[in-house]
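Derivation of every value follows stated rules applied to the coordinates shown; laboratory data play no part. These figures come from a predicted structure and were not determined experimentally. Positions of Cβ are generated from backbone atoms using ideal geometry, with glycine treated the same way; all protein chains shown enter the neighbour counts.
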């Protein structure tokens with residue numbers, strides 16, 4: 001059985017739990033993720049929708065269609081502004097790794113959209129490109 005992983009926003013108003021293993025752990029450098037994160041990329045701890053559960057609070061949701069014509073529903077705290085997760089059209093939830101109660105559980109193995117990264121981005125060489 002997989003250990004339950006919990007997380008939430010900075011002010012603790014919104015909480016969630018993850019009951020299954022990560023499907024993918026990656027660093028994304030696309031323009032949307034740069035804007036959402038406010039830094040050089042996004043740390044995505046991706047899980048199946050069925051393994052993710054909101055346990056308290058009501059996040060604010062913003063839906064955007066990416067350059068690849070995919071809708072992403074981004075969930076964040078309307079009180080403290082924390083970026084929490086994105087819901088994709090592929091049945092995956094991309095949890096912001098920094099919102100995990102134990103962020104050291106995040107162990108990225110892949111990197112995506114590195115060609116869109118700013119020249120000052122910290123792109124680990126050891127990660128496999130997708």
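Some values worked out for this structure:
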{"quantity": "Antiparallel DSSP beta bridges within the range 5-112, percent to nearest 5", "calculated": "90 percent"}
{"quantity": "Extension gain, residue 129 back to residue 50 (0.36 nm per residue minus Cα-Cα distance, nm)", "calculated": "25.8 nm"}
{"quantity": "Contact order normalised by residue count of the chain, Cα under 8 Å, 6+ apart, percent", "calculated": "29 percent"}
{"quantity": "Label zone at residue 24, where the point sits 7 Å out along the Cα-to-Cβ direction: the range 102-122 residues whose backbone N lies under 18 Å", "calculated": "106-117"}
{"quantity": "Residue 10 versus residue 119: modelled label distance in nm, points set 7 Å from Cα along the beta carbon direction", "calculated": "3.0 nm"}
{"quantity": "Part-to-part distance (alpha-carbon centres) for the range 41-59 and the range 70-130, which is given in Å", "calculated": "11 Å"}
{"quantity": "Full-stretch length increase - residue 109, residue 58 - with 0.36 nm per residue and alpha-carbon distance subtracted", "calculated": "15.2 nm"}
